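Pasting a structure below so you can have a look.
The values are calculated or read from the model by the stated rules, or taken from the named source; none is laboratory data. Given the structure is predicted, the values throughout are model-derived calculations rather than measurements. Virtual Cβ from ideal backbone geometry, glycine too; neighbours counted across all protein chains shown.
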Ligand SMILES: *Cc1c(COP(=O)(O)O)cnc(C)c1O
């Protein structure tokens, strides 16, 4: 097989033509700042689609999470329970407020925060009042269990739905399960504005605060009057034009991503692997990224340091490093699973709570398949596959063949 002439991306922007019309409109009417029709319309489109009362358009998902953390009243030194296996943007805003993330281990059913570990965390840190939970790769977390636990302990949920826009859990859209929720329009998300994000909430006061904070916290006065710290976090009306043009195509993108997921699933049925899982009786992911997990007995030897990896290939077996290197050789882009936060050098001293209690202090926290440190296990055996919705079925068949060859 020859390498692809045109690179196959993990997930790249897909434009449709309407975007440029709204950008042009902003240009022609000279609404080139952080005020304008595109922003207003986008906010109402988002509320309608997602089913929330208020949407505040912001510069990115991270700024939405930051304002959510502030709205939740997080203060310096507070403990905050956080998803462990996620992009670090989920957690950075907790640090912006000088609070203390406590990482909650992952479960195998949806690859999200484990409710059993969360309950354990409340035993260990009963005064915790805020939970930041992400929906990994577009699959909703176990919200029945998570919300029940949060309610019982009087904790607020911040939902990081940056990866899961359009996904549903028991018919409700993700981005509605927290008191404050964030979505993202970053360039590789399911729809994009090149950048951008939104804070979603049903609380009018909170939405108004977020609007004020995101525009440098101006008080209502004839001059620039300030009583509290502000941020330059508002979305540009130009970016809003792109997102406005993308929104009508969200469902189409989801259908394409789902077809990619199903094709992989079918293509890999004879390999010792599974796809990123979900409970089809209660949830419909947006299938943002298709991922695979190699069975323990399908793993060849693979060792990772902080900056490097090596492996010994073996007939009938493979590993994420071998597959990612092989894909790259053929000009296709995969990605390791998000390396869990508790394994990151910068969070070395932060607590990590697993199902059976404190995940720190073990001499050997990672034992493949032991279920002791689920995040480390999925990181070791899993990877993200090329999931670009512009990838053709023929191209995907070649990707599948390339991966099958890794196991030969
Ligand atoms: C992309 C992403 C974010 C951040 O969104 P930006 O718009 O890039 O700031 C936050 N959390 C998760 C899980 C993400 O994947």
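Let's see how each residue does on (1) farther than 27 Å from residue 382 by Cα; (2) at pLDDT below 95; (3) within 16 Å of the chain's Cα centre (by Cα):
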{"position": "62", "(1), (2), (3)": "no, no, yes"}
{"position": "74", "(1), (2), (3)": "yes, no, no"}
{"position": "79", "(1), (2), (3)": "yes, no, no"}
{"position": "84", "(1), (2), (3)": "no, no, yes"}
{"position": "89", "(1), (2), (3)": "no, no, yes"}
{"position": "95", "(1), (2), (3)": "yes, no, no"}
{"position": "102", "(1), (2), (3)": "no, no, no"}
{"position": "108", "(1), (2), (3)": "no, no, no"}
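Ok, one more. Being under 16 Å from the mean Cα position of the chain (by Cα) and within 16 Å of the ligand (Cβ to nearest atom): is that true of residue 214 here?
Spelling it out, it is not the case that residue 214 is under 16 Å from the mean Cα position of the chain (by Cα) and within 16 Å of the ligand (Cβ to nearest atom).
Separate question: Take the range 148-162 and flag every residue that is within 16 Å of the ligand (Cβ to nearest atom) and either in a strand (DSSP E or B) or under 17 Å from residue 72 (Cα atoms) (or both).
157, 158, 159, 160, 161 - these are the residues of the range 148-162 that are within 16 Å of the ligand (Cβ to nearest atom) and either in a strand (DSSP E or B) or under 17 Å from residue 72 (Cα atoms) (or both).
Where the second residue is within 11 Å of the ligand (Cβ to nearest atom) and at pLDDT 95 or above and the first is not assigned by TED's automatic domain parsing to the domain that holds residue 142 and lies in the range 174-191, which pairs have Cβ atoms under 7 Å and are six or more apart or on separate chains?
none
Continuing with the same structure: Does any residue of the range 199-218 turn out to be modelled with pLDDT of 95 or more, buried (at least 24 other Cβ atoms within 10 Å of the Cβ), in a loop (DSSP other than H, G, I, E, B) and outside the structural domain of residue 281 (by TED's automatic domain parsing)?
For the range 199-218, residues modelled with pLDDT of 95 or more, buried (at least 24 other Cβ atoms within 10 Å of the Cβ), in a loop (DSSP other than H, G, I, E, B) and outside the structural domain of residue 281 (by TED's automatic domain parsing): absent.
Given the residues 311, 278, which is the only one that is modelled with pLDDT of 95 or more and outside any loop (DSSP other than H, G, I, E, B)?
311
Between a first residue in the range 79-102 that is within 24 Å of residue 123 (Cα to Cα) and a second residue that is assigned to a loop (DSSP other than H, G, I, E, B) and within 11 Å of the ligand (Cβ to nearest atom), which pairs have beta carbons less than 6 Å apart while being 6 or more apart in sequence or on different chains?
What qualifies is 82/91; 85/338; 86/338; 101/91.
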